[in-house]
Structure formats: structure tokens, C-alpha cells
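The values are calculated or read from the model by the stated rules, or taken from the named source; none is laboratory data. This is a predicted model, so every value here is computed, not measured. In this analysis, Cβ positions are derived from the backbone assuming ideal geometry, glycine residues included, and neighbour counts consider all displayed protein chains.
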């Protein structure tokens with residue numbers, strides 16, 4: 001390979017590498033967008049970790065980036081690079097929010113209001129709604145400190161007494177119902193006794209001392225009935241075969 | 001004793017190779033040649049590796065995170081892993097295996113055949129003639145190759161996420177851009193510069209140190225690769241402490 005060609009390829013390699021680095025940086029940082037952006041100034045009392053490059057969402061759609069964050073006296077001035085197609089109103093609400101529940105990453109949430117259009121150079125006052133775990137725990141701690149244990153004990157006692165009274169009332173009612181059930185059960189027992197007597201009488205009848213019992217328990221009678229039955233069957237069959245033997249019909 | 005003095009000799013060798021008049025007019029052709037050998041020629045293997053890095057990272061991240069956190073965390077996980085760790089270290093290992101071995105073998109062969117001594121006798125500074133272009137070429141090539149791997153791996157991860165992992169391109173890129181920290185990108189490049197410097201220096205140092213015959217040249221080659229791998233890992237940890245300590 002000629003020296004010139006090799007040099008050209010190497011220079012091309014270096015240029016492609018540098019180009020890819022620039023392209024990659026703009027791509028990964030979300031700056032690779034068509035169309036120009038305009039800067040909007042927002043002041044916050046506290047940005048709690050908002051950084052340059054953090055995303056900006058207008059009604060939930062990513063529309064820009066935080067361009068600058070700097071301290072100005074006792075406030076924080078934040079420059080926001082917004083897409084040209086976003087038309088801010090004077091009552092636009094700009095809030096810092098947390099991406100995750102742990103509150104480590106921030107973004108700016110912009111909610112447009114119904115008011116008149118904000119001209120270029122209009123300065124907004126933002127609010128910080130990012131989840132600050134330390135602050136949350138401090139507030140919880142303060143709330144717990146406000147608790148009066150004696151007052152809480154008195155209230156709990158009152159609640160316990162009310163509860164006991166209600167339970168006693170319910171128990172009394174249940175006891176009455178149980179008495180009623182017991183008396184009903186006694187009547188049912190008497191009726192069952194009568195039924196038992198009746199069943200005993202029937203059993204005596206069937207044991208063989210009565211006519212029905214004898215009929216039911218006599219083997220001889222059973223054999224005779226069976227024998228008669230067989231004879232009747234034979235007779236019927238014979239009648240069927242030779243009806244003239246038994247019936248003689250003459251008209252004239 | 002030799003082990004104790006080795007770091008000192010290494011630093012001295014690096015200083016002798018770099019802190020000399022560069023003589024750009026004479027060094028340029030050799031720098032171009034070394035850039036071609038260690039940079040341009042490594043392009044295809046880096047490209048191939050980055051495709052698989054992108055594919056694997058996307059699948060693994062999706063497997064780890066899907067159903068636990070929102071889908072855009074796949075983009076975040078892939079991009080940060082690739083930018084901070086995978087691209088610089090993987091590229092450095094590939095280049096170390098490819099270039100440190102070839103450099104130490106080449107210079108070792110020159111040393112045992114007394115070509116380096118001949119250069120000295122002729123009044124040519126062997127450090128400037130042989131080491132400077134190699135070290136400079138590696139220091140420049142590795143970051144460029146790292147950038148190639150970063151962009152390619154993330155683009156491939158985006159593609160596989162969209163086509164097979166049910167993560168839309170918008171969601172993936174939202175994760176990439178939303179959690180992008182410039183420090184990750186530049187930290188990865190700074191690592192790459194250091195890794196390139198180490199690989200180039202190791203290749204030359206162990207090649208120059210070869211004594212005897214072919215066996216020692218082979219030993220020097222192995223030492224160059226092993227030392228490069230060890231130094232890459234050690235430097236990676238130190239750079240993590242410097243750049244990415246919370």
C-alpha cells in the first residue's frame with residue numbers, strides 16, 4: 001500500500017473516531033434533535049440536586065434540557081433549553097420532580113396554564129416538588145413528636161369501654177336466642193318420643209304375635225302362597241293354550 | 001529484588017520513550033504506520049465484538065430488569081454499562097491481546113537479533129524510533145476504538161430491544177438520554193487513554209527487555225499481554241474510584 005493511501009486511511013480513521021465521539025455524546029445526552037431551542041429562565045428557592053442536562057417534560061413529553069444552574073443571591077437561577085414549538089403561558093407551573101422513589105434523579109415538569117402567552121424574557125418562579133427522603137423523615141419525626149401519649153391512652157380507654165359495652169349487649173341478645181332455641185328443642189324431643197312409641201307398636205305388630213305378624217313371619221304360609229301362585233300361572237298358561245277346554249261359547 | 005525495582009524501571013522506560021524531542025517530521029510516517037497496524041486494522045474485530053456486546057447486554061439487562069422496573073431502565077442499564085465499563089475494558093483487552101503481543105514479539109526479535117543495538121550504534125535513539133510511535137499510536141487508537149464500540153454496541157442494543165425484547169425505540173432512548181451523565185462518557189474515554197498508554201508501553205517494555213533467543217521472545221510476549229491485562233484491571237479500579245465514586 002502506498003504511503004499516501006495509508007496516511008489517508010489513518011486520517012480518515014481518526015476523523016471517523018472523533019466524529020463518532022461527538023455524535024455519540026450528542027446522541028446519548030439527548031441533544032441530537034432537529035430545530036433550534038430557546039432559553040427560558042426559572043428561579044427556584046432550592047433545586048435539590050437538579051443538574052445541567054436533566055430532562056424537561058412539558059405535559060409529560062420530553063421537550064428540553066436544563067442548560068444552566070447557578071446561584072444568584074439567595075435563589076437558584078435555572079436556564080432551560082426548550083423546543084421552539086412549546087408556547088409557555090404566564091401561569092405555567094414549573095416543578096422539580098424525582099424520577100425514582102429514592103429521589104436521586106431529577107427532572108423539570110412543566111404544566112401549561114390557561115393564561116396569556118409568556119413573551120421571550122419572561123421569568124418564571126418554579127417550585128421544588130422533588131422527593132427528599134431526609135425531609136420526609138424529618139417531617140414524620142416532627143409529627144411523632146407532636147403526639148400526646150396520655151391523650152392517646154384516654155382515647156384508647158374510651159374506645160375499649162365502648163367496645164366492651166357493645167360486646168356485652170350482643171352476648172345478652174345471643175343468650176336470649178339460645179334459651180328460645182332450647183325450649184323449641186324440648187318440644188321437638190317430646191314429639192320424637194311419641195314417634196318412637198308408635199314405631200315400637202309397629203315393631204310389636206310385625207314380630208308375629210298379631211295376625212299381620214303371623215302372616216308376615218309364617219314360612220308355611222309363604223310356601224303355600226308361592227305354590228298357589230305357581231299353580232295359577234300354570235292354569236293361566238293352559239287357558240291360553242286351550243281356551244276351549246275351559247270356555248265354551250255357543251250363540252245358537 | 002528485580003520485582004521491587006520493576007515499577008521504577010517501567011516508569012523510567014516510559015519517560016525515556018515520551019519525554020524526548022518528538023521530531024514530528026521523522027516520527028510522523030512511523031506513527032501513521034503504527035496507527036494503521038494497531039488502530040485501523042483492529043477496526044473490524046472491534047466492530048464485531050461491539051455487535052455482540054450490544055446484543056448480550058440488551059438481552060441480559062432486559063432479563064434482569066423486566067417486570068421489576070419500567071422498561072426504559074433497559075436503555076439506562078445498557079448505556080451506562082457500555083459507556084462506563086464494557087466498551088473501555090473490552091476494547092482494551094482485545095487490543096492488548098492483539099497489539100501488545102505483536103509489539104513485544106516484534107521488538108523482542110529485534111532485540112535478540114541486535115537490531116536495536118545497531119540503531120544505537122548508528123546514533124538513532126531507539127526509544128524515539130521504535131517506542132514513541134507505538135505508544136502514541138496505541139494511546140490515540142484505543143479511545144477511538146472505544147468510541148466505535150460504544151456507539152455501535154448501543155445502536156445494536158437499541159435494535160435488538162426494539163425487534164425482540166418488546167422495548168420501543170422511544171422508551172429505550174428515553175432511558176439512555178434521561179440518565180446520561182457526561183462524566184460517564186468522558187470517564188470511559190479517559191480510561192481508554194490510560195489503557196492505550198499501558199498497552200503500548202507494555203508491548204515496548206517487554207519487547208525491549210527480551211534477552212537470549214526465541215524462547216525469551218515468546219516469554220516477553222506472554223508477559224506483555226498478562227501485564228497489560230493486570231494493569232488494565234488495576235487502572236480500571238483506580239479510575240472507578242476517581243470518576244465514579246458516589
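Being at pLDDT below 80 and surrounded by 11 or more Cβ atoms within 10 Å (Cβ to Cβ) is a condition met by at least one residue of the range A:218-228. Would you call residue A:10 more than 14 Å from chain B (Cβ to nearest Cβ) and either crowded, with 16+ Cβ neighbours inside 10 Å or under 17 Å from residue B:178 (Cβ atoms) (or both)? In short, no. Looking at residue B:200, is it away from chain A (no Cβ under 14 Å), closer than 15 Å to residue B:91 by Cα and either crowded, with 24+ Cβ neighbours inside 10 Å or in contact with a strand residue (DSSP E or B) (Cβ under 9 Å, 6 or more places away or on another chain) (or both)? Against the criterion (away from chain A (no Cβ under 14 Å), closer than 15 Å to residue B:91 by Cα and either crowded, with 24+ Cβ neighbours inside 10 Å or in contact with a strand residue (DSSP E or B) (Cβ under 9 Å, 6 or more places away or on another chain) (or both)), residue B:200 qualifies. Checking the structure you have, find out if any residue of the range B:135-156 is buried (at least 24 other Cβ atoms within 10 Å of the Cβ), under 21 Å from residue A:12 (Cβ atoms), under 19 Å from the mean Cα position of the chain (by Cα) and away from chain A (no Cβ under 12 Å). Yes, the conditions are met somewhere in the range B:135-156.
Number of residues in the range A:2-59 that are touching a residue at least 60 places away in the same chain (Cβ under 8 Å) and within 25 Å of residue B:87 (Cα to Cα) equals 0. Got at least one residue in the range B:159-172 being crowded, with 22+ Cβ neighbours inside 10 Å, within 14 Å of chain A (Cβ to nearest Cβ), outside any loop (DSSP other than H, G, I, E, B) and out of contact with any helix residue (DSSP H, G or I) (no Cβ under 6 Å at 6 or more places or on another chain)? The answer is no; no qualifying residue exists.
Listed here are the residues, each with its yes/no results for (1) closer than 17 Å to residue B:178 by Cα; (2) more than 41 Å from the chain's Cα centre (by Cα).
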| residue | (1), (2) |
| --- | --- |
| A:58 | yes, no |
| A:61 | yes, no |
| A:81 | yes, yes |
| A:90 | no, yes |
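Scanning the range A:101-113 for residues that are modelled with pLDDT under 85, surrounded by fewer than 16 Cβ atoms within 10 Å (Cβ to Cβ) and touching a strand residue (DSSP E or B) at 6+ places or on another chain (Cβ under 9 Å) returns a single hit, A:104. When the residues of the range A:38-47 are filtered to those that are surrounded by fewer than 18 Cβ atoms within 10 Å (Cβ to Cβ) and part of a loop (DSSP other than H, G, I, E, B), the one that is modelled with the lowest pLDDT is A:46.
For (1) under 21 Å from residue A:49 (Cβ atoms); (2) touching a helix residue (DSSP H, G or I) at 6+ places or on another chain (Cβ under 6 Å); (3) surrounded by fewer than 19 Cβ atoms within 10 Å (Cβ to Cβ); (4) in contact (Cβ under 8 Å) with a residue 12 or more places away in the chain, each residue gets a yes or a no:
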| site | (1), (2), (3), (4) |
| --- | --- |
| A:62 | yes, no, yes, yes |
| A:65 | yes, no, no, yes |
| A:77 | yes, no, yes, yes |
| A:91 | no, no, yes, yes |
| A:96 | yes, no, no, yes |
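Taking the range B:54-71 as the range and being more than 10 Å from chain A (Cβ to nearest Cβ) and not in a helix (DSSP H, G or I) as the test, the residues that pass are B:66, B:67, B:68, B:71.
Looking across the range B:24-40 at every residue that is closer than 19 Å to residue B:200 by Cα and surrounded by fewer than 14 Cβ atoms within 10 Å (Cβ to Cβ), the one that is nearest to the other protein chains (Cβ to nearest Cβ) is identified as B:29.
Counting only helices (runs of 4 or more DSSP H) wholly contained in the range B:72-132, the ones carrying 2 or more residues that are under 22 Å from residue B:186 (Cβ atoms) occupy B:72-81, B:87-95.
Restricting the range B:41-53 to residues that are assigned to a helix (DSSP H, G or I) and within 13 Å of another protein chain (Cβ to nearest Cβ), the residue that is surrounded by the fewest Cβ atoms within 10 Å (Cβ to Cβ) is B:44.
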